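Trainee: Quick one: this structure, given as C-alpha cells, is what I'll be asking you about.
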Amino acid sequence: MTTKNNGNGSKMLSIGQAVGQLKPAFPDLSISKVRFLEDEGLLRPRRTKGGYRLFSEEDIGRLTEILRLQGDQFLPLAVIKERMSGWHYGDNLVAEREGAVEEETDAEGKNLKPLSLDEVGARTGIEMETVRAMESFGLIKLIDYNDQLGIGPDDLEILTVFTDLRKFGIEARHLRMYENLAQRESLLFQQIFTPQIKHKSRKLRQKSLTDLRELVALTERIRRAMLKKTLAEANLL
C-alpha cells in the first residue's frame, strides 16, 4: 500500500509503514501489537474504503506516547488509556506526569494497604458469614493486620466484584471454577515468563512485565470471545 495524503499536506501511513517508522525506537513493536492497542481503544486510525488503516502524524505521536508509557513506566493499559484520554498532539505525558505514577497506581489498587474485616464490611457491605465462606473455598485469604484479621487489596477486589455477582444468584462455591482457571493460567504464564523476570538484565525484566500485562489482556479477550460463542450456540445470545 502506498503512502497517502490526508488533504492537509501531511502524509498518511499504512500500518506497516507506521510500524517501520517506529521500529528503531521500539524494536519489539509489531503490526499485531498495533492492532491490539486499537482493539483496546487506545488508537483510532482512519480507514480507507477498503478497510485499510491510515495513520496520521497525530496517530504516530499517540502511538509513540503509548509505547513510552508501557516501556518507561510499565503501566497497565487501563492506566495508559485514562492518561491518554486527555492527550493532545505535542504533549509528553511521560515527562510531564512522571511524578504522578505512584498516585495513579494507588488508584488502580496496586499499592493499597490491607483492610480490617470491620473496614471490609463497611466498604463492601458483605456479611462476615460470606467472607468466611469465601475463605473456606480458598477464594480469599485472611491475614494479620494491626493485631486483627484483615484482607489484602487483591482479595478485596474479589470481594467487591462478588457483591455485584450475587444479584445474579452467583454463590461463593460457583467461583471455584474461576479460581481453578486462574491457577492453571498462572502456571502457564509462570513457565513463559519466570526465566525473563528473574534475569539479571533489568531491561529484559521490565520488558517481560509489560509483555505479561499484554498477555493477561489478550487471554481475557479470548475468554470473553469463547464464552460469547458458547452462549450463542446455546441460543442465549
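Bear in mind these aren't lab numbers, they're just calculated from the coordinates by the rules spelled out. Just so it is clear, the model here is predicted, and its values are computed rather than measured. Here the Cβ is made from the backbone with ideal geometry for all residues, glycine too, and neighbour counts use every protein chain on show.
Trainee: Around GLU119, under 15 Å between beta carbons, what's the net of Lys plus Arg minus Asp minus Glu among the other residues? Could you put the intermediate results ahead of the total?
Mentor: Details: positive: LYS113, ARG123; negative: ASP118, GLU127, ASP144, ASP147, ASP155, GLU157.
Once all neighbours under 15 Å are counted, the net charge is -4.
Trainee: Let me ask you something else. Set the bar at 31 Å for Cα to Cα. Now go through LYS81/LYS203; LYS198/LYS228; LYS113/LYS207 and name every pair that lies beyond it.
Mentor: LYS198/LYS228
Trainee: What number, in percent, do you get for the relative contact order of region 112-170 if the mean sequence gap of Cα pairs under 8 Å and at least 6 apart is divided by its residue count?
Mentor: 41
Trainee: Next question, about the same structure. Which peptide among 168-175, 80-87 comes first, and what is the full order, when sorted by highest mean count of other Cβ atoms within 10 Å?
Mentor: Values: 168-175: 12.9, 80-87: 15.6.
Averaged packing, sorted descending, gives the order 80-87, 168-175.
Trainee: Another question, then. Suppose we keep just the alpha-carbon trace of region 132-184; what are its Rg and Dmax in angstrom?
Mentor: According to the Cα coordinates of region 132-184, Rg and Dmax are 11.7, 36 Å.
Trainee: Between rounded, prolate and oblate, where does region 187-237 land on the alpha carbon gyration tensor, with a ≥ b ≥ c its root eigenvalues, rounded for a/c under 1.5, else prolate if a/b exceeds b/c? Provide the component values of the computation, followed by the final result.
Mentor: Details: a/c = 8.73, a/b = 3.55, b/c = 2.46.
Prolate, because a/c is 1.5 or more and a/b exceeds b/c.
Trainee: At most 15 other Cβ atoms within 10 Å and a DSSP loop assignment: could you name the trypsin sites (Lys or Arg not before Pro) in region 11-80 that fit?
Mentor: The qualifying sites are LYS49.
Trainee: Would you kindly compute the Cα radius of gyration of region 112-237 and its largest Cα-Cα separation (Dmax), both in Å?
Mentor: 17.9, 52
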